[in-house]
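Asker: Next up is a structure, given as structure tokens.
The values are calculated or read from the model by the stated rules, or taken from the named source; none is laboratory data. Source: prediction; values computed, not measured. Using ideal geometry, Cβ is built from the backbone for each residue, glycine included, and neighbour counts are taken over all protein chains shown. These area figures cover heavy atoms from the full protein model, side chains too; ligands, DNA and RNA do not enter into them. Shrake-Rupley method; radii C 1.70, N 1.55, O 1.52, S 1.80 Å.
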Amino acid sequence: KRDKPPLNYNGGTDFGYVLLKHETEIGSGEVGNVEYYSLYMHMGSIKSEVKQGARVYRKDPLGQVGKIDGRNGIHFQIFCDDANLQKLVGRTTPELDISKDGRSDIVYGDMHFYLPAGTPFYPTRPSNNGLTPRESARYKSSEPLYVTMHFEKGSCSMTTRQKAKAPQNGYTAVGEVLVNADGADYEYNLYKTALDLYPDSPSAGYELLRFGRVINTEHETLVPANAPLWRTVNYPGGKGWVNLAASEIKKFSDGDFPHWMGWLLVDDDVDNNSQCNSLSILCRTDDKLSRTICH
């Protein structure tokens, strides 16, 4: 029927489709059970084993690619409802809530820190991992800064970003990326550093060094509870020591899909015709569509 109306839009178009329901888990408990769907449209043929209610395994063939407007191609889509998007991404709003720490049951990838305006940067680190620097602050931020802590092959890199000045959009890096600024093989030495800096609670100290906060609060207690995490961080025009464990600094991971890393939930399409008429999408170039989640 692909060559007959209404399927011959601008050429023959196949109308076979397969809809798969997926079940997976992220996090823990009921809030971690996720359902989502994948849709394969304009299939030329479908395997007889693929039928309603059948179980399909990874890499199982579904059928053959059909034609769209007379050319080989399919439409592929992954989607879920709002409740499951909340489970996957942690929010349904365009940007992340930076008034509180991110999720603690879903933590992976890079760690991110939101530094509000007024965050002090000190010229030296307090002795004995203390809370009070001996010298006054070298710099206080006049605008929010966003710091990413990235571990790879033993190294730890710290990247600072700030919101780009108009008319630019997005976030730009501040200074050069700091690699192992606080010691060689920083990642490989995390446990030794935890023993040195947090002798009364090295396991909790390890989590603080690795995640910027204690994640396993049910079994780990930091001693003292307000123990600092001093790290060298860039600011506009220089660098200094910052206590990233301070309560006013909020902690996140890649599992929170930070908007300053490019993740954006788009929900400005007001019609219900299943077509994309979102200005946020139509005004973006192809290279800016990455990390865009669309309602």
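Asker: Only one of these conditions is not met by residue 68: (1) under 21 Å from residue 36 (Cα atoms); (2) over 17 Å from the mean Cα position of the chain (by Cα); (3) surrounded by 12 or more Cβ atoms within 10 Å (Cβ to Cβ). Which number is it?
Answerer: (1)
Asker: Additional query: Within the stretch 1-34, track down each residue that is surrounded by 15 or more Cβ atoms within 10 Å (Cβ to Cβ) and assigned to a loop (DSSP other than H, G, I, E, B).
Answerer: Scanning the stretch 1-34 gives 2, 7, 12, 13, 14, 26, 27.
Asker: For the stretch 36-63, give me the residue count where each residue is loosely packed, with under 14 Cβ neighbours inside 10 Å and either modelled with pLDDT under 95 or not in a strand (DSSP E or B) (or both).
Answerer: Selection size over the stretch 36-63: 12.
Asker: To continue, here is another question. Which ones in the stretch 104-138 are of a type in the set (Ser, Thr, Tyr) and either over 27 Å from residue 256 (Cβ atoms) or not in a strand (DSSP E or B) (or both)?
Answerer: Those that are of a type in the set (Ser, Thr, Tyr) and either over 27 Å from residue 256 (Cβ atoms) or not in a strand (DSSP E or B) (or both): 104, 108, 119, 122, 124, 127, 132, 136.
Asker: Condition first: open to solvent by 60 Å² or more (accessible area, probe 1.4 Å), modelled with pLDDT of 95 or more and outside any loop (DSSP other than H, G, I, E, B). Can you find one or more residues in the stretch 79-90 that meet it?
Answerer: No, every residue in the stretch 79-90 fails to be open to solvent by 60 Å² or more (accessible area, probe 1.4 Å), modelled with pLDDT of 95 or more and outside any loop (DSSP other than H, G, I, E, B).
Asker: Report yes if residue 30 is touching a His at 6+ places or on another chain (Cβ under 8 Å) and of a type outside the set (Ser, Thr, Tyr), otherwise no.
Answerer: Criteria not met by residue 30.
Asker: Which one of 214, 270, 266 is within 30 Å of residue 94 (Cα to Cα), among the aliphatic types (A, V, I, L, M) and buried (at least 19 other Cβ atoms within 10 Å of the Cβ)?
Answerer: Matching residue, one of 214, 270, 266: 214.
Asker: Report, by residue number, each residue of the stretch 153-183 that is open to solvent by 50 Å² or more (accessible area, probe 1.4 Å), in a strand (DSSP E or B) and of a type in the set (A, V, I, L, M, F, W, C).
Answerer: Across the stretch 153-183, the qualifying residues are 173, 177, 179.
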